[in-house]
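The values are calculated or read from the model by the stated rules, or taken from the named source; none is laboratory data. On a predicted model such as this, the values are computed, not experimentally measured, just so you know. Glycine also receives a Cβ, built like all others from the backbone with ideal geometry; neighbour counts cover every protein chain displayed. Side chains are part of the model used for accessible areas, which takes the heavy atoms of the whole protein and leaves out ligands, DNA and RNA. Shrake-Rupley method; radii C 1.70, N 1.55, O 1.52, S 1.80 Å.
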Amino acid sequence: MKRLVFALLCIAPNHLLLAQNENRPATPGKVILTDSIPSTSVKDQSQSPTCWVFGTNSLIESDVLKKYNLRLNLSEMYIARYAYIDKAKQFLTNKGKTYFESGGQFHDVIRVISKYGIVPEEEYDGIPGKQMNHNHSSLDTAMKLFTSALLIERITELDAANLQQMNDTPDKYLGIVPVNILFQEKLYTPVSFAKEVIRFDNDFAELVSFADQPLYKKFILADKYNWANDSFYNITLDDMHMLVDTALHNGWSDGWEGDVTEKEFQYAGGYASFADEAHFYNEERIINYKNETTERDHMLQITAVGKDESNKK
């Protein structure tokens, strides 16, 4: 039975409809956490569009902490590297018609771990040489130039030589992945580390809420980041809220993907809050998704529910 711990909330309410209220929501006072789950430290993705890895790895780290009382720091760039290669293969197979950027989604992480395993951060930090932080501008440019050159030559399927060349690029900018790793005085491969240490099992469910799609069925989300054409399970907003709250109440975190450019996100204050206004959420969400008023630009791990001094959730 799959555990419903991952909720993909694709879009937030229409900020245009909130434009009449030019004042941002008031900063909440003291916030009391009513359900809070243990989590690992916040990591810095810096100049890399890899929030989808950081958010998902953090969720998995919390799961491992809850299940086995084992605190790990899993490598984000190990995942990003293999996802980039798989995405490039798909891009070539579809003759350049699919999305080929360094962004991604939750299921890309799950796919990579299932196929290639995972390693701790200390074994592969993806910051070679004297570089201090993640900066993928050169990597992204190099990957685009390489795949574009292959398309110009009408190469849509990689032979061994082309595949080696493609791997040389992330090797240069992220480092060479380890074949074996030593963890707690035992030798593992990335695949055996995923299987034996974090005991990885794809028991997650990706949830969306779209009023124009059949409820309680899976459908393929038409989204550029869903380059692999994965299916999502469609539920009501009420059910989504209930599942997120239930997961947190039982000690499981949630993954959330959505738009953090809305004015309701207050980075300086470290919170997000909606004004008390009436909305037709189902209708607004569909409109905003299709016209891209609301974007899908970030992933976060939800680790707690809280209430402010006025008892507002």
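Having 1 or more residues that are of a type in the set (S, T, N, Q) and either within 24 Å of the chain's Cα centre (by Cα) or surrounded by fewer than 17 Cβ atoms within 10 Å (Cβ to Cβ) (or both) is the bar; report the strands (runs of 3 or more DSSP E) wholly within the stretch 153-253 that clear it.
Details: elements: 181-183, 186-188, 206-208, 218-220, 231-234.
The strands (runs of 3 or more DSSP E) meeting that bar are 231-234.
Report yes if Thr141 is of a type in the set (Val, Ile, Thr), open to solvent by 60 Å² or more (accessible area, probe 1.4 Å) and in a helix (DSSP H, G or I), otherwise no.
Working: of a type in the set (Val, Ile, Thr): yes; open to solvent by 60 Å² or more (accessible area, probe 1.4 Å): yes; in a helix (DSSP H, G or I): yes.
Taking the combined requirement at face value, the residue satisfies it.
From the list Glu284, Glu257, pick out the single residue that is touching a Cys at 6+ places or on another chain (Cβ under 9 Å) and in contact (Cβ under 8 Å) with a residue 40 or more places away in the chain.
On the way: Glu284 fails: touching a Cys at 6+ places or on another chain (Cβ under 9 Å).
After ruling out the rest, the residue left standing is Glu257.
I want to confirm something. Restricting to the stretch 254-294 and keeping residues that are among the hydroxyl-bearing types (Ser, Thr, Tyr) and not in a strand (DSSP E or B), which single residue is farthest from Pro214 (Cα to Cα)?
Keep residues of the stretch 254-294 that are among the hydroxyl-bearing types (Ser, Thr, Tyr), which gives 261, 267, 271, 273, 281, 289, 293-294.
Now drop any that are not not in a strand (DSSP E or B), which leaves 261, 267, 273, 281, 289, 293-294.
Working: Thr261: 29, Tyr267: 36, Ser273: 30, Tyr281: 17, Tyr289: 17, Thr293: 23, Thr294: 22 Å.
Among residues in the stretch 254-294 that are among the hydroxyl-bearing types (Ser, Thr, Tyr) and not in a strand (DSSP E or B), the one farthest from Pro214 (Cα to Cα) is Tyr267.
Only residues in the stretch 47-70 that are closer than 16 Å to Tyr82 by Cβ and open to solvent by less than 10 Å² (accessible area, probe 1.4 Å) count as the first member; pair them with residues that are of a type in the set (Phe, Trp, Tyr) and modelled with pLDDT under 95, Cβ under 7 angstrom, at least 6 apart or cross-chain, and list the lot.
Close Cβ pairs satisfying both conditions: Trp52/Phe106; Thr56/Phe106.
Any chance the stretch 295-312 includes a residue that's touching a helix residue (DSSP H, G or I) at 6+ places or on another chain (Cβ under 8 Å) and in a loop (DSSP other than H, G, I, E, B)? Break it down stepwise before answering.
Within the stretch 295-312, the subset touching a helix residue (DSSP H, G or I) at 6+ places or on another chain (Cβ under 8 Å) is 298-305.
When the remaining residues are screened for being in a loop (DSSP other than H, G, I, E, B), the result is 303.
Yes, the stretch 295-312 has at least one match.
When the stretch 123-148 is examined, which residues are found to be more than 15 Å from Asn94 (Cα to Cα) and small (Gly, Ala, Ser)?
Result: Gly126, Gly129, Ser137, Ser138, Ala142.
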